[in-house]
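Below: the structure, in structure tokens.
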Amino acid sequence: MPDDVALLLRRTGFGPKATDLDAARKAGYQATVAALTSPTGLDIGALAAPMSSLEPDPYTRLSDPTPAQRSTADEQRRQQTLAITQWWLDRLTVADHQGTEKLIFFWHGHWATSVKKVIRAHLMLSQHQTLRASLDFSVMAHRMITDPALIYWLDGQLNTRSAPNENLGRELMELFTLGVGNYSERDVKEAGRALTGWKIDYDAVRTYFNPPSYDTGQKTILGVTRDFNAHSLVDFLLSQPQCPRFVAARLWYRYASSTAPIPGPTQDRMVAAFPDSMAMLRALLMDEAFPVSRGNLVKQPVEWLVGAARQLGLRLGTLPVATMEQVIYGLERLGQVPFAPPSVAGWPAGASWLTVGAAQVRLSLAGKLAQLVDTRPTTPDELAHLLTVDTWTNRTYSALTETSDPRHLLTLGLASPEYLVT
């Protein structure tokens with residue numbers, strides 16, 4: 001019999017532990033949804049992984065660096081990026097409010113910004129704090145449109161009245177608020193004009209408005225002519241009926257199915273909860289279409305890694321630097337590292353994670369994780385309990401029973417289809 005509570009925990013968090021699943025089954029589906037989407041009190045687990053703190057950007061102190069100084073500063077920046085990446089993976093592993101952590105990770109993929117271009121870990125950490133503090137989509141959109149990391153990522157600091165840049169305006173409509181087909185090329189150009197004037201203070205990790213760079217003229221967007229600026233443009237886009245429907249569809253894509261479209265009634269219920277993204281998620285989880293979506297999602301590499309760490313009792317934040325670099329290298333080969341999405345469109349979904357090459361990397365990384373734990377299951381049933389897998393197919397069960405090595409058994413379980421597909 002399908003276990004809806006297990007499905008719920010897998011989709012809304014980063015891998016339920018067996019004790020989590022037992023407790024949720026006792027509480028029941030509705031109470032578990034409430035706990036996931038309306039957590040109370042402090043997140044005690046997350047307190048064990050406090051927000052990463054960084055030394056000032058190494059280039060701040062260098063006015064005319066020599067090649068040697070540049071090399072040293074670049075390595076320091078690399079170490080800062082490694083530090084915030086390890087911190088976030090660790091927090092995802094130990095946090096008790098898994099529903100909140102998963103939603104923040106979702107929004108990171110939605111407003112996809114990469115440190116590979118931004119370079120400065122301080123800007124990425126600041127953006128993370130912004131997302132963490134604004135799960136209301138309207139608040140989030142206003143904060144993100146002047147976020148220094150996003151502006152740098154999409155060349156917004158180069159957007160001036162004399163040299164307009166369309167990148168941020170295009171993605172604001174296409175990927176962040178409205179979706180493809182709900183705007184024209186003229187709307188993109190006019191939105192770009194509305195977003196002029198914003199500059200970045202890198203040392204202070206903030207943006208500021210520079211009036212001489214702002215285009216004060218009237219702009220016509222979606223058939224309406226006004227003196228749009230960054231924030232009035234955001235308000236206008238939020239008021240479009242396409243906006244909440246687009247956001248609902250994106251939540252469905254990541255939480256329910258990356259192949260089947262969102263059912264109309266489900267979308268309507270989610271739209272009614274807009275702009276509160278947690279309330280929209282709650283509407284999805286309580287909708288009859290959600291349990292029917294079973295088997296339609298593949299765990300993203302970060303979901304897979306963090307879930308494995310949670311279930312194996314590993315603290316990613318306490319791993320030696322060399323080991324953590326190996327783990328992150330594995331994530332890079334799998335195609336997903338926090339703070340480094342491949343493009344403004346974010347990460348792929350579904351079968352994209354199930355290539356032959358990815359299977360080989362996952363098997364190797366699973367073997368490394370299995371080496372890090374002292375106690376390992378010795379039978380397929382013990383393995384299923386540890387990894388909260390409902391059941392093994394006959395093919396997988398046969399493969400698992402062929403090994404007598406607990407480390408190999410655990411490795412195979414972590415790389416199995418039953419563990420990867422939810």
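No value in this document is a laboratory result; all are computed from the given coordinates. Nothing here was measured: the structure is a model prediction, and the numbers come from that model. Glycine gets a Cβ as well: all are built from the backbone with ideal geometry, and neighbour counts include every protein chain shown.
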Looking only at Cα atoms, what is the convex hull volume of the range 10-75 per residue, in Å³?
162 Å³
Quick one: what does P(r) look like for the range 50-190 with 5 Å bins over all Cα pairs, in whole %?
2, 9, 16, 18, 18, 15, 11, 7, 4, 1, 0
Is there a pair in LYS117/LYS368; LYS117/LYS299; LYS17/LYS102; LYS102/LYS199; LYS102/LYS299 whose C-alpha atoms are over 20 Å apart, and which pairs would that be?
LYS117/LYS368; LYS117/LYS299; LYS102/LYS199
The range 255-322: Kirkwood hydrodynamic radius (Cα pairs, Å) comes out at 14.3 Å
The computed P(r) of the range 291-369 puts the percent of Cα pairs beyond 17 Å at 49 percent
Quick one: grab Rg to one decimal and Dmax as a whole number for the range 227-275, Cα atoms only, in Å.
12.8, 40
Taking Rh as the Kirkwood radius computed over alpha-carbon pairs of the range 193-322 and applying Stokes-Einstein at 4 °C with viscosity 1.567 mPa s, one gets a diffusion coefficient in µm² s⁻¹ of 69 µm²/s
Within a Gaussian network of the chain (alpha carbon springs, distance under 10 Å), most fluctuating of SER53, SER71, SER114:
SER71
Above 18 angstrom, tally the Cα pairs of the range 305-422 and express them as a % of all pairs, no decimals.
53 percent
Highest to lowest packing among 210-217, 271-278, scored as the average C-beta count within 10 Å
271-278, 210-217
Which cross-chain or sequence-distant (5 or more) residues have an amide H under 5 Å from the amide H of ASP276, H modelled 1.01 Å from N in plane?
PHE137
Using θ = phi - 60° and the Karplus curve 6.51 cos²θ - 1.76 cosθ + 1.60, what whole-Hz ³J(HN,Hα) does each residue of the range 139-145 get, with Gly and Pro shown as x?
4, 4, 4, 5, 6, 6, 5
Calculate the all-directions average of the projected area of the range 109-238's alpha-carbon convex hull, and give it in nm².
7.4 nm²
Just order 224-232, 129-137 by mean Cβ neighbour count inside 10 Å, highest at the front, would you?
129-137, 224-232
Given 4 °C and 1.567 mPa s, how large is the Stokes-Einstein diffusion coefficient of the range 140-189 in µm²/s, with Rh as the Kirkwood radius over Cα pairs?
115 µm²/s
Which distance in Å, rounded to a whole number, links the C-alpha centroids of the range 52-77 and the range 191-269?
34 Å
Which residues qualify? For THR207, with a placed amide H closer than 5 Å and at least 5 residues away or on another chain, they are ASP201
Which percent of Cα pairs goes in each bin when the distances of the range 184-259 are cut into 5 angstrom slices starting at zero?
3, 14, 18, 17, 14, 14, 12, 7, 2, 0
So how far, in whole Å, is the C-alpha centre of the range 315-340 from the one of the range 111-184?
26 Å
Largest-first semi-axes in Å of the equivalent ellipsoid built from the Cα gyration tensor of the range 36-102 are 36, 10, 8
Two decimals is fine: what is log10 I(q)/I(0) at q = 0.20, 0.23 Å⁻¹ for the range 1-121, from a Debye sum with one equal scatterer on every Cα and no solvent?
-1.11, -1.31
Does the chain come out rounded, prolate or oblate by the C-alpha gyration tensor, with a ≥ b ≥ c the root eigenvalues, rounded set by a/c under 1.5 and, if not, prolate when a/b is larger than b/c and oblate if not?
oblate
Residues whose placed amide H lies under 5 Å from that of LYS219, excluding near-sequence neighbours:
ARG226, ASP227, PHE228
